[in-house]
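Some notes on the structure that comes next.
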Amino acid sequence: MPEPRESNPFTSPHGDDQPSSPELSSIPGPLAVAVLLGLLLTAWQIGEFFVIGFTDTSQQFSLLIGASFSFFISLGLIARSSPTWAVARYYFLFHGMMAVGFCVMAFVFLKPPLAIVSGLVQAGLCLTIFIALGRASVRKYHRLQCPHCDLINAGGDDLLCFQRRCTQCGFRW
Ligand SMILES: [Zn+2]
């Protein structure tokens, strides 16, 4: 059987020095966790829509809106954009606080245990995502690392980080 390809000593073996794809392969672990938990939250909200929605029609609409928000914001996190990151972080923090408040209300007004459990699950998911998004590797992914001095926890001039400013050297980008 003849050798199909003559080995060339000047070319390195395939895949050795090939630059890895900058998009999908560089998603940091905490970000992957955050996106997966966001999709899990979406699934949970849709499930709740089917459980509660049929008995309490006043909540149907808000549950579906919440589910679609969770879905699009979670997927949006894959984009390397700091405003998306900021929006997602505020959304999950807000949603988490609401869920905690909902839990307390459900407990005080003696709602069925399902309501309390649901609030606890959603609060847990949201706050875990919030913490995961605050990790340095995720901030770096979403362009929050100063190009000048490499400080990672660089903040924004505005709430949504459209204009980023380094807290260490004052560089704007
Ligand atoms: Zn800097």
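Laboratory data are not the source of any read-out in this text; all were calculated from the coordinates shown. The shown structure was predicted, so the numbers you read here are calculated from the model rather than taken from an experiment. Note that we place each Cβ from the backbone using ideal geometry, even for glycine, and neighbour counts take in every protein chain shown.
What is the order of Val121, Val51, Val35, fewest Cβ neighbours within 10 Å to most?
Least to most surrounded, the residues fall as Val51, Val121, Val35.
Sort Val138, Val117 so the one with the fewest other Cβ atoms within 10 Å of its own Cβ comes first.
Val117, Val138
When Ile73, Ile129, Ile116 are ordered from fewest to most other Cβ atoms inside 10 Å of their Cβ, what list results?
So the ranking, lowest neighbour count to highest, is Ile116, Ile73, Ile129.
Report, in whole Å, the centroid distance computed from the Cα atoms of the range 70-104 and the range 116-168.
11
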